[in-house]
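Asks: What follows is a single structure, and I will ask about it in a moment.
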Amino acid sequence: MLSLDSSAVLIMFSMIQWIPYIVMELSGFKYLMLMRKANTQSIRKAELQPRKLLNYISRFNLMLLLSSHIGFVLLVEYFRSHPFDGFGGYHNLIILLLMDALFYVVLMWHLRGKSLNPYASSSDRIRHLQKMTKTMTLTIVLVVLFAAVNIILSATETRHLLDILPSLYFIVLGFITLQNYRVDCIDFAVYKEK
């Protein structure tokens, strides 16, 4: 198809499907910025809450994250000693480290930075941070799993199965990221006019 790799075409179509979610997220940021501008309260109040990343990640998700990374490092080491054509070597680990650093910076910005929603209660903020850390840790685990399966399929000369992998990956990723957002837990009383 257009002399492109078929998995690249599948990834392109998957990315096109994510455009409405990206637009929705960007409009949400614009809405929150308008809410901060409209907040005319001169007295600010803040509740004490933990600001460490480990307070928001469950032990299970942390162990899942660590075990996936250790497994991926062992897989890369194995294929470094038994290379195949097209293997990236330690570049795979560098890409994983850059992705981890990006997610860490985003999480710390939400943890330590200015509150995006000035009207959100402390419990809503904590719930949001817990959802966000859970989503990001599971996303990283899925990326590691996707990369590992991709390396294994390339090494075993079963590249014809690589066309199915991006589709499954994006379906599972969409399911995990969208299942965490629920409206029934939000306290809407803080948005009423006083």
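The values are calculated or read from the model by the stated rules, or taken from the named source; none is laboratory data. This one's a predicted model, so the numbers in the text were calculated from it and none came from an experiment. Positions of Cβ are backbone-derived with ideal geometry, glycine not excepted, and every protein chain shown enters the neighbour counts.
Asks: Looking for something surrounded by 15 or more Cβ atoms within 10 Å (Cβ to Cβ), farther than 30 Å from S154 by Cα and at pLDDT 80 or above - is there at least one such residue anywhere in segment 57-79?
Replies: Within segment 57-79, one or more residues are surrounded by 15 or more Cβ atoms within 10 Å (Cβ to Cβ), farther than 30 Å from S154 by Cα and at pLDDT 80 or above.
Asks: Also, quick follow-up: Across segment 127-137, what is the total count of residues that are aliphatic (A, V, I, L, M) and either touching a Cys at 6+ places or on another chain (Cβ under 9 Å) or buried (at least 19 other Cβ atoms within 10 Å of the Cβ) (or both)?
Replies: Qualifying residue count for the region: 2.
Asks: Determine which single condition R125 fails, assuming it passes every other condition in (1) of a type in the set (K, R); (2) under 30 Å from L75 (Cβ atoms); (3) at pLDDT below 85.
Replies: (2)
Asks: If a residue must be of a type in the set (D, E) and modelled with pLDDT of 65 or more, how many such residues does segment 164-192 contain?
Replies: Matching residues across segment 164-192 total 0.
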